[in-house]
Amino acid sequence: MENEGLKRYHRQILLEELGLDGQQKLQKSSVLIIGAGGLGCPLLFYLAGAGIGKIGVMDGDWVEESNLHRQVIFQQQDIGKNKATTAVERLNLLNPTLQLQAFPFHISPENAAQSLADYDLIIDGSDNFPTRYLVNDTCVSLGKPLVFGSIFRFEGQVSVFNYQGGPNYRNCYPEAPGIQDSPNCGESGVIGPLPGIIGSMMANEAIKVICGFGDGLSGKLLIFNALNNDMQLYNIQPENRVSPDNQVPKPNQKKSIVYEEIFPKELLEWEENKVEYCLIDVREAFEFEEKNIGGIHISLYDLEARIDELPFQSRLVFCCTSGAKSRMATKIVGPKRTEELFVISLLKQ
């Protein structure tokens, strides 16, 4: 490494876990970031600062004024410009020693494999489900590790998929909700610092994957709540819905958590047939107050501490907006009760 490089990266080279060997790995690595929005902006700054040798930026969107409160790589004069090309211009000012490439278009089934093929690591900072599943499936087919992040209102998620035999995105979220059931930041809002927090976490995971140190998030889902500073870490296991094949575990096989997804209308049928059940809304308090279908409120983050309050003699039905928190709730409760667990998504009326 030349003397200039030693000066620039001196502070992180001092870290025993990273060192000169890790810095050389960073310089030889290539990373493609899908999305130069709220998550992509902090990601790009920190990866360029860390000395990633080759960075690709893919985004077909244009800078809008409503982006500026959280997409800190852009400025007022960038409104109307393509995000990918503008981001590359900014990164070149920060670290001109890097190889930077802009992809000023959206990822699609037609260009996904070709675009991802030349990069060692893929990072998904997109804001919609079709892109997330496309990126994940392409990474699986190409054998590329994937760092994932997402944000919604006050909540962010981070994980590492398809890494060293670990699970992929579909193991965490098997199916995408319909387009009409997928709210985004433009519809639901997002607090400005949240993408900075989550994007920084994603950059940290990317560096750990490249250099091979630390405890990574492969096989785990980290959920951070900016409203109350709560942070939870969940193990990712393949989802198992009720079916004849998974009702009874095979010999010497760990019993999987089984749940059944139902719709709110089925609760009305249960009430008519006098079926005893308990509905638990695992969203945050402000979400429950804004809209709910009844039941009791126990935040997902408080569920483990309050698990003894649940009436295990009844059917337990977990409710949330998209179904994701409800499925996480079944993993928490499952070890104590693996039968008669149900989940409801408010988006699927």
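The values are calculated or read from the model by the stated rules, or taken from the named source; none is laboratory data. Note that the structure is predicted; figures quoted are calculated from it, not measured. Please note: Cβ atoms are built from the backbone with ideal geometry, for glycine as well, and neighbour counts cover all protein chains shown. Each accessible area value is taken on the protein alone, full model and side chains, heavy atoms only, with ligands, DNA and RNA left out. Shrake-Rupley method; radii C 1.70, N 1.55, O 1.52, S 1.80 Å.
Put Asp124, Asp118, Asp302 in order of accessible area, highest first, and with a 1.4 Å probe you get Asp118, Asp302, Asp124. Computing the accessible area with a 1.4 Å probe over protein heavy atoms, can you report the carbon and sulfur percentage for segment 266-338? The computed percentage sits at 45. Our helix-only sum for the chain, with -39,500 (n - 2.57) per DSSP H run of n ≥ 4 divided by its residues, gives a mean residue ellipticity at 222 nm of -9500 deg cm²/dmol. Take the chain with all the other protein chains still there, run a 1.4 Å probe, and you get 48 Å² of accessible area per residue. Under a Gaussian network description of the chain, with springs only between Cα atoms under 10 Å, the residue in Ala112, Ala206, Ala329 that fluctuates furthest is Ala112. Compactness ratio for segment 281-332: Cα radius of gyration over 2.2 N^0.38 Å (N = residue count) comes to 1.05. Only Lys, Arg, Asp and Glu carry charge here, each on its Cβ (+1 for the first two, -1 for the last two); on that basis the chain has a dipole of about 880 debye about its Cα centre.
Once the convex hull of all Cα atoms in segment 10-85 is built, its volume per residue stands at 95 Å³. If the chain linking Asp230 and His10 were pulled fully straight, counting 0.36 nm for each residue of separation and taking away their Cα-Cα distance, it would gain 75.9 nm.
Peptides 65-72, 304-311, ordered by how many other C-beta atoms sit within 10 Å of their residues on average, highest first, read 65-72, 304-311.
Debye-formula intensities of segment 32-189, expressed as log10 I(q)/I(0) at q = 0.10 Å⁻¹, are -0.34 (one equal scatterer per alpha-carbon, no solvent). With coordinates expressed along the principal axes, the C-alpha atoms belonging to segment 66-107 extend over 31, 25, 16 Å, beginning with the largest.
Within the assembled protein chains, the solvent-accessible surface assigned to Cys211 is about 10 Å², based on a 1.4 Å probe.
In this structure Phe154 has an accessible area near 60 Å², from a 1.4 Å probe over the protein heavy atoms. Dipole of the chain computed with +1 at Lys/Arg Cβ and -1 at Asp/Glu Cβ about the Cα centre; of Gln27, Tyr173, Thr85, farthest Cα towards the positive end is Gln27.
Helix 83-94 axis versus longest C-alpha principal axis of the chain: approximately 50°, rounded to the nearest ten.
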